[in-house]
Amino acid sequence: MSQVVEKPSARPVTPLGILAKQLETILQTLNQQTSDELLANLNQAWLLAAGLDPYLEECTTRESPALAALAQKTAHEGWSQRFHEGATVRELEQEMLSGHVEGQTLKMFIHMTKARKVLEVGMFTGYSALAMAEALPPDGELVACEVDPYTAEFAQAAFRESPHGAKIRVEVGAALETLEKLSTVGESFDFVFIDADKREYVKYFQTLLDKDLLIPGGFLCVDNTLLQGQVYLSTENRTPNGEAIAQFNRVVATDARVEQVLLPLRDGLTIIRRLP
Ligand SMILES: C[S@@+](CC[C@H](N)C(=O)[O-])C[C@H]1O[C@@H](n2cnc3c(N)ncnc32)[C@H](O)[C@@H]1O
């Protein structure tokens, strides 16, 4: 059932992935004096954590050949080298790609909401954009914002290989400037996916609502809202991104214009509905 995609091993970047890695490390370092029962319990805890993501993959509809090829190409790109050569304007990494289960989730949301006009803030190599475009009707449109020109071209090359790529319009530039531009020409969207600079999440959210870029009754999905667990762990070890997401989650929770739910999918996915 599951599709085996060979790719260089990625470091864990979700609360569950980090937990599984920590349990694995603890198991490996435990010495002989440890009681068998403790070792068995720890092993069971590790299996529970480590087995969930692969099982979700296995039970989720296979990604299209175009998406599988894009994930593989992204995993094999030398992102660090590209940055040091000056090809990319910032250091990017394969772990940024949302992937099979989240892509299929977004695709389902597009089907469920019957969205026709979608906005993505933070495209990277285009995996989530293409997944959502696959669910759009033939006359649907997805506008994807990406600040890095190299990555934007990488994505567009993949879009040209897919029958759904023509539904995607790429806007290269800083997302807040693009949002301003889209608002000036009177564009609006019935579904938005935010996945760009965590420290700008509050501004994306407020701009989308204040400038009516998200229609009343429209949906907004926001990625990484658990930020590796930092939002609910001690504030001592919070990174600037962790602090930004914690603040974003507070802002959303107190905004009377929306209702929302935070799902523990991968690194956290918040679904927000703009009240009509
Ligand atoms: C986590 S990745 C997006 C992953 C993508 N949605 C996917 O699922 O494959 C974040 C992307 O946002 C871009 N980005 C960061 N800050 C941005 C900004 N201010 N404006 C536009 N894009 C930005 C980065 O260059 C990066 O490609």
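Per the helix-only calculation at 222 nm, which mean residue ellipticity applies to the chain, given -39500 (n - 2.57) for every DSSP H run of n ≥ 4 and division by its residues, nearest 500 deg cm²/dmol?
Value at 222 nm, helices only, nearest 500: -14500 deg cm²/dmol.
Going by average Cβ neighbours within 10 Å, how do the peptides 267-274, 187-194 rank, with the highest at the top?
187-194, 267-274
Arrange the peptides 102-114, 42-54, 24-36, 69-81 so that the one whose residues have, on average, the most other Cβ atoms within 10 Å appears first.
Descending packing order for the listed peptides: 102-114, 69-81, 42-54, 24-36.
Set the Förster radius R0 to 22 Å, insert the Cβ-Cβ distance between residue 58 and residue 11 as r into 1/(1 + (r/R0)^6), and round the FRET efficiency to 0.05.
0.50
In whole Å, what is the distance between the alpha-carbon centres of segment 176-202 and segment 231-276?
After rounding, the separation between the Cα centres reads 18 Å.
Specify whether the C-alpha gyration tensor of segment 135-196 places it in the rounded, prolate or oblate class, a ≥ b ≥ c being the square roots of the eigenvalues: rounded for a/c under 1.5, otherwise prolate if a/b is larger than b/c and oblate if not.
oblate
Report the equivalent ellipsoid semi-axes for the chain in whole Å, largest first, defined as the square roots of five times the eigenvalues of the gyration tensor built from alpha carbon atoms.
33, 23, 19
May I ask you to derive the relative contact order of the chain, considering only C-alpha pairs under 8 Å and at least 6 residues apart, and to give it as an integer percent?
Across the chain, relative contact order equals 15 percent.
Please name whichever of 25, 96, 109 sits farthest to the positive end of the charge dipole of the chain, dipole taken about the Cα centre and charges placed at Cβ: Lys and Arg +1, Asp and Glu -1.
Going by the charge dipole, the pick is 109.
How do 119, 67 rank when sorted from fewest to most other Cβ atoms within 10 Å of their own Cβ?
Taking fewest neighbouring Cβ atoms as first place, the list is 67, 119.
Arrange the following residues from fewest to most other Cβ atoms within 10 Å of their Cβ: 204, 55.
55, 204
For residue 101, what charge total do you get from the other residues with a beta carbon under 13 Å from its beta carbon, if Lys and Arg give +1 and Asp and Glu give -1?
My count for the surroundings of residue 101 gives -4.
FYI, it's all coordinate maths here, none of it is from the lab. Here the structure is a predicted model, which is why all the values come from computation and not from measurement. Cβ coordinates were reconstructed from backbone atoms using ideal geometry, including for glycine residues, and neighbour counts include every protein chain displayed.
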